[in-house]
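Scroll down for the structure; my scribbles are underneath it.
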Amino acid sequence: MKEKIANIKKEFLEEIRKVKTEQQLSEIKVKNVGKKGTLTQVLRGMGKLSPEERPVIGSLVNEVRDEIERLVEEKKKEFKQKELQKKLETEDIDVTEPSKKVKLGSLHPIKQVIKEVEEVFLGMGYDIADGPEIETTYYCFDQLNTPADHPARDLQDTFYITDDVILRTQTSSVQIRKMEKQKPPIKMICPGAVYRSDAVDATHSPVFHQIEGLVVDKNISMSDLKGTLDMFAKKCLGEKTKIRFRPHHFPYTEPSAEVDVSCFVCGGKGCRVCKDEGWIELLGCGMVHPNVLRNCGIDPEIYSGFAFGFGVERIAMAKYGIEDMRLLFENDVRFLKQF
Ligand code: DAH
């Protein structure tokens, strides 16, 4: 009996050395310690033994069975470890491999123009102001010396929320908000969206952007306005740019003017961008009307100021050669990624 058990163990040890798979391992386990396994058979034959031999053989069988089970478990762990190792090797992450390129967007051309203009005016000591897009008629018209019967206030031109709340039609409303809050000296620009009840076409949109400028101080004159706009045009549109003033009318400035710039594409010779005019209309401006100063509690006998306002889309279109304003609002990536 003892010999038989020793052989079982010997044979098992040989087999387990050769085992290559978990399947084979479980087979040799069943073969030896399973219900019909070699060791179980030894136990079954114990009846033939003498009462003295039984406990000796019984404990020997248990010993060998424990040993076999322990070795099988060990081997199993070995297999698991190898499997893990293999996985780690094949699924390795190569940190030096070039990563997928993240596609970075770029600033929208409208935003690019706004930033450029801001840089120029910040350099001249201006603040950048902000105001609400949902505005009252008080700030957008009344305080800007724009009477109730002015066409700008017509339903055809303005989006009304209530009788006296509108989507602002111009950033000029921020002039009033600024002057109410701050005593002169004031030097500010205000970029922002404005809304007009216009149908969409290649040069019109019910929403567009403006940049407003306002300077109020002692001894501000038309020559300050001219010098400032000349500087602005040269910095933003090119050093060779010239400006010209044409008389105009705005309710909140007196005198008022419109300013053209020499075409920064053809230099004034005439081209598609300037429609062969050599000049591009740029902005409206003037000396702040005394009534407007007075409305904001600023004495026009002591202070004077100038203001200007222009459309950002128009500049972006001329600058980048964009022929249809709708492209600026559709946000088609194929268009936007060119800037
Ligand atoms: N608010 C005018 C517009 O929307 C532009 C403008 C003209 C602004 C003259 C001004 C100004 O500040 O003085 O067309």
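The values are calculated or read from the model by the stated rules, or taken from the named source; none is laboratory data. The model shown is predicted, which means the values in this text are computed figures rather than measured ones. Neighbour counts are summed over all protein chains in view; Cβ atoms, including those assigned to glycine, are modelled from backbone coordinates with ideal geometry.
Among the candidates Glu180, Glu89, Glu83, Glu118, single out the residue that is in a helix (DSSP H, G or I), among the charged types (D, E, K, R) and under 28 Å from Asp230 (Cα atoms).
Details: Glu180 fails: under 28 Å from Asp230 (Cα atoms); Glu89 fails: under 28 Å from Asp230 (Cα atoms); Glu83 fails: under 28 Å from Asp230 (Cα atoms).
When all the criteria are applied, what remains is Glu118.
If I filter segment 226-236 for residues that are within 13 Å of the ligand (Cβ to nearest atom) and out of contact with any Phe, Trp or Tyr (no Cβ under 6 Å at 6 or more places or on another chain), do I get at least one hit? Yes, the conditions are met somewhere in segment 226-236. Pick from segment 307-325 the residues that are of a type outside the set (Asp, Glu) and surrounded by fewer than 16 Cβ atoms within 10 Å (Cβ to Cβ): which of them is nearest to the ligand (Cβ to nearest atom)? So the residue we want is Tyr320. Screening Gly58 on (1) part of a loop (DSSP other than H, G, I, E, B); (2) assigned by TED's automatic domain parsing to the domain that holds Asn7 shows it passes everything except condition (1). Filtering His249, His204 for residues that are near the ligand (Cβ under 10 Å from one of its atoms), surrounded by fewer than 19 Cβ atoms within 10 Å (Cβ to Cβ) and in the same structural domain as Ser304 (by TED's automatic domain parsing) leaves a single hit, His249. In the set (1) under 18 Å from Lys234 (Cα atoms); (2) within 15 Å of the ligand (Cβ to nearest atom); (3) out of contact with any Leu (no Cβ under 6 Å at 6 or more places or on another chain), the condition left unmet by Cys263 is number (2).
Of all residue pairs spaced 6 or more apart or on separate chains, those with beta-carbon atoms under 8 Å, a first member in segment 250-266 that is closer than 28 Å to Leu293 by Cβ and a second member that is among the polar types (S, T, N, Q) and buried (at least 23 other Cβ atoms within 10 Å of the Cβ) are Tyr252/Ser172; Tyr252/Gln175. Residues that are under 36 Å from the mean Cα position of the chain (by Cα) number at least 3 in the following strands (runs of 3 or more DSSP E) confined to segment 203-281: 207-217, 253-262.
Yes or no: Phe308 in a loop (DSSP other than H, G, I, E, B) and in contact (Cβ under 8 Å) with a residue 40 or more places away in the chain? So Phe308 does not fit the description; no.
At pLDDT 95 or above and either loosely packed, with under 15 Cβ neighbours inside 10 Å or assigned by TED's automatic domain parsing to the domain that holds Asn295 (or both), is that true of Val102? No, not satisfied.
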